[in-house]
Amino acid sequence: MSLNRTLSTAPMMDWSDRHCRYFWRMLTKNTLLYTEMVTGAALTHAKNIERFLDFSAEEHPVALQVGGSDTTELSHAAKLANQWNYDELNLNVGCPSDRVQNGMIGAILMLHPEKVADAFKAMSDIANMPVTVKHRIGIDQQDSYSFARDFVGQIHDAGCRVFIVHTRSAILKGLSPKENREIPPLKHNYAYQLKKDFPDCEIIINGGIKTLDESLAHLDHVDGVMLGREAYQNPMVLSQADSKIFNQIDPYSNAVDFLNATLPYIEQQVSEGVSAKYMLKHLLGIIQGVPNAKAFRRFLSENMHKESVTEQLLSQAINQYLVPSAA
């Protein structure tokens, strides 16, 4: 059965961890979820590999994103992806962080497509799931469409047939990672043209997309849409994904009902030694545009870092700030 990439959530460092993905899966049963990026070096040398790779079975379909260019490390990552039963293995060729540039990880690899091709082949030789590439449309002054086309062409020649296209260039000289998510102009037309030039490939568009209606418009031109920051900062955008994108029933349409439904999971995780703050932080954006929304977020933010916090803090916040307004 082929993997449905019509809608996916982006890999986001410190955000798209297993708890965040579990909550997203509660909101949408069909959207493909991506892990945070983990480097091939970390997967090769970590003593506690489970903290990078463990996830709940309910999260499927879920894709593991790895960063790196060392073929030995990436082959090992593919073996681990097999063992953990991920649904896709994705190579990061888009991260603009200084920390990863020095290790030939992320966007810097767009200047070395031969390394990306070798990395793709090394992972594909081992992985028993699809291997895909997520990349930018350019890097520094190399931002013409022909640069993006030639990059994709070389990776296509290596056998890749799924490209997730972040439609901003990466400016490695002068912009921070945060600025790289906001300042370089969006060029969605590059992704559209890549689909025309590589019709045998799945082209997934990423960058600056905020609504499902925008997503539907993009789907007239490409095969899939990846939501990034909007999915994290306003998670309820995913609550209509199953009906609008996949023509299925949405699990939750009411934010308060959804929050109440998260309580058993938080209780279980706390009983297993997980600090509640690592879960509650992912729920801060759920309530927006209603009376007491700011008070609800402030109450959680101010209290979730205290010792011995459990799911009862969220229950208290719901009852104190949301139940009257929902009645």
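Being farther than 30 Å from residue 309 by Cα and either out of contact with any Phe, Trp or Tyr (no Cβ under 9 Å at 6 or more places or on another chain) or assigned by TED's automatic domain parsing to the domain that holds residue 166 (or both), is that true of even one residue in region 227-234? Checked region 227-234: at least one residue is farther than 30 Å from residue 309 by Cα and either out of contact with any Phe, Trp or Tyr (no Cβ under 9 Å at 6 or more places or on another chain) or assigned by TED's automatic domain parsing to the domain that holds residue 166 (or both). The sole residue among 152, 93 that is buried (at least 20 other Cβ atoms within 10 Å of the Cβ), in contact with a His (Cβ under 6 Å, 6 or more places away or on another chain) and hydrophobic (A, V, I, L, M, F, W, C) is 93. Taken together, 296, 246, 258 contain a single residue that is at negative phi and touching a strand residue (DSSP E or B) at 6+ places or on another chain (Cβ under 8 Å), which is 246. Residue count for region 113-149 under the criterion of being outside any strand (DSSP E or B) and either under 21 Å from the mean Cα position of the chain (by Cα) or closer than 27 Å to residue 82 by Cα (or both): the result is 20.
The criterion of at least 2 residues that are more than 13 Å from the chain's Cα centre (by Cα) is met by none of the strands (runs of 3 or more DSSP E) wholly inside region 1-76. Being out of contact with any His (no Cβ under 6 Å at 6 or more places or on another chain), assigned to a helix (DSSP H, G or I) and of a type in the set (Ser, Thr, Tyr) narrows it down to one residue among 232, 252; which is it? Within the list 232, 252, the selection yields 232. Answer yes or no as to whether residue 265 is assigned by TED's automatic domain parsing to the domain that holds residue 23, buried (at least 17 other Cβ atoms within 10 Å of the Cβ), under 23 Å from the mean Cα position of the chain (by Cα) and among the aromatic types (Phe, Trp, Tyr). In short, no.
Highlighted here are the helices (runs of 4 or more DSSP H) found entirely within region 174-224 that include at least 2 residues which are more than 17 Å from residue 238 (Cβ to Cβ): 177-180, 188-197.
The values are calculated or read from the model by the stated rules, or taken from the named source; none is laboratory data. Note that the structure is a prediction, hence the values are computed from the model and not measured. Note that we place each Cβ from the backbone using ideal geometry, even for glycine, and neighbour counts take in every protein chain shown.
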